[in-house]
Amino acid sequence: MPVEIDRPREGVVQLTLNRPDQLNALDADTVAKLTAVLADIGTDSTCRVVILTGAGRGFCAGLDLNHYDDEPHPPARQRHPIDGLTRQRQIAHLAVALHQLPQPVIAAINGPAAGGGLALALASDIRMASTSALFAVGFIRAGFSACDIGLSWLLPRIVGTGRAHELMLTGRRCSAEEAYRIGLVTHLVDPGELLEAAYAEAAEIMLNPPFSVEMTKQGMWASVENPSFVNAVEFENRQQILTALTEDRDEATRAFLEKRPPVYQRH
């Protein structure tokens, strides 16, 4: 299977890109499977947090330029533009699907994340990396625009425009240590401890009511996309009223005052 699905902890779904011999590069089967899995997870009320990682020594090396599909295909300039755009949209939708998933996504970046792999990491909500991770835009070194799969929107918002421009225009590799220093990742841990660290982060998230987490993810991204401070505050006002009306909010308050773990009704 190009994508393995596990439930290592209650409330946690772990998705492992599983083409280790190709550093988990994206081919047509992987894109189709991951797209379908994300659609299913979006309606799975038992899933509280998603962890995305890679099998073997790589997270995701981007698009498999040699074996994307089983059909022989001509150079890009010889393809019909509509066919090319259809395939491009299928690939790029992965970033949109991660971005719009109700549950928070933790990218556990265990190795190289280049091109489309970097885009998947950036479209996640939290990025944790092992010290063996590497990051690169990739697209521009392969002769394409560096602006692909949402990278031109996501990277400047995460590391700032100046750093994003430099990384995208050069296509150079960025070490795990640099990625941590510039805020591309929030955690840097030894390779053998990465998944346990991701599970611990998921457990911290699950201390909060499910609907509150969903609204917070939605609200954070909405504020990033909203050019108006006043509109952002008004959107927050509505979120506060919605979450205040839930039974889980009452339970969270009681548990906090009684100094005990909360037991939420919405799973």
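The values are calculated or read from the model by the stated rules, or taken from the named source; none is laboratory data. Predicted, not measured: the structure shown is a model, and the values here were computed from it. Cβ atoms come from the backbone with ideal geometry, glycine included; neighbour counts cover every protein chain shown. Areas reflect the complete protein model, heavy atoms only, side chains present, ligands, DNA and RNA absent. Shrake-Rupley method; radii C 1.70, N 1.55, O 1.52, S 1.80 Å.
Here the contact order of region 110-267, divided by its residue count and restricted to Cα pairs under 8 Å and six or more residues apart, works out to 20 percent. Rolling a 1.4 angstrom probe over the protein heavy atoms with all chains in place gives region 140-217 an accessible area of 52 Å² per residue. Structural descriptor for the chain: relative contact order 16 percent, calculated from alpha carbon pairs under 8 angstrom and at least 6 residues apart. With axes computed from alpha carbons, what is the tilt in degrees of helix 210-225 against the longest principal axis of the chain, rounded to the nearest 10 within 0 to 90? It is inclined by approximately 50 degrees. Annotation: amide H-H contacts under 5 Å for V3 (H modelled 1.01 Å from N, sequence separation of 5 or more, or interchain): N18. Between R266 and N231, the simple label model (points 7 Å from Cα in the Cβ direction) yields a spacing of 2.5 nm.
Per-peptide packing, taken as the mean over residues of other Cβ atoms within 10 Å, places 150-158, 190-198 in the sequence 150-158, 190-198 from highest down. Inter-label distance, R173 to N18: 2.9 nm, where each label sits 7 Å from its Cα along the C-beta direction. Evaluate the Debye formula for region 102-141 with equal point scatterers sitting on the alpha carbons, no solvent, and hand back log10 of I(q)/I(0) at q = 0.17, 0.18, 0.26 Å⁻¹, in q order, two decimals. Calculated log10 I(q)/I(0) at the listed q: -0.41, -0.46, -0.83.
Just to confirm, what accessible area per residue do you get for region 225-267 at 1.4 Å probe, in whole Å²?
That works out to 82 Å² per residue.
Please label the shape of region 107-243 as rounded, prolate or oblate, based on the square roots a ≥ b ≥ c of the eigenvalues of the alpha-carbon gyration tensor (a/c under 1.5 means rounded; beyond that, a/b larger than b/c means prolate, else oblate).
Oblate is the answer for region 107-243, as a/c is 1.5 or above yet b/c matches or exceeds a/b.
Could you give the angle, 0 to 90 degrees to the nearest 10, between helix 161-170's Cα long axis and the longest principal axis of the Cα atoms of the chain? It works out to around 30 degrees. For region 175-263, the set of trypsin sites (Lys or Arg not before Pro) satisfying both a DSSP loop assignment and a count of at most 10 other C-beta atoms within 10 Å is given as K259.
For Q14, the residues whose amide H sits under 5 Å from its own are D6, R7, I51, ignoring neighbours fewer than 5 places away on the same chain, with H placed 1.01 Å from N. Considering all different alpha carbon pairs of region 155-229, the Kirkwood hydrodynamic radius works out to 15.0 Å.
Computed over the Cα atoms of region 125-170, pair by distinct pair, the Kirkwood hydrodynamic radius stands at 11.5 angstrom. If r is the Cβ-Cβ distance from R238 to D69 and R0 is 45 Å, what FRET efficiency results, to the nearest 0.05? Working from the Cβ atoms, E equals 0.50.
Normalised by residue number, the volume inside the convex hull of the Cα atoms of the chain is 143 Å³ per residue. Give the shape of region 42-164 as rounded, prolate or oblate, defined through the alpha-carbon gyration tensor: a ≥ b ≥ c are the square roots of its eigenvalues, a/c under 1.5 means rounded, and otherwise the shape is prolate if a/b is larger than b/c and oblate if not. The shape class here is prolate. When a/c is below 1.5 the answer is rounded, else prolate if a/b is larger than b/c, else oblate, so apply that to region 82-131 with a ≥ b ≥ c taken from the square roots of the Cα gyration tensor eigenvalues. Oblate is the answer for region 82-131, as a/c is 1.5 or above yet b/c matches or exceeds a/b. Here region 245-267 is scanned for amide nitrogen atoms under 15 Å from the site 7 Å beyond the Cα of A203 along Cα-to-Cβ, giving 261-262. Taking K and R as +1 and D and E as -1, what net charge do the other residues with C-beta under 10 Å from the C-beta of T16 add up to? Net of charged neighbours comes to -2. The accessible surface of the chain, taken with every protein chain in place and a 1.4 Å probe, is 55 percent carbon and sulfur.
Cα axis of helix 81-100 to longest principal axis of the chain: angle in degrees, 0 to 90, nearest 10? The two axes meet at around 30 degrees. Computed from the Kirkwood radius of its Cα pairs, the Stokes-Einstein diffusion coefficient for region 1-40 at 4 °C and 1.567 mPa s stands at 122 µm²/s.
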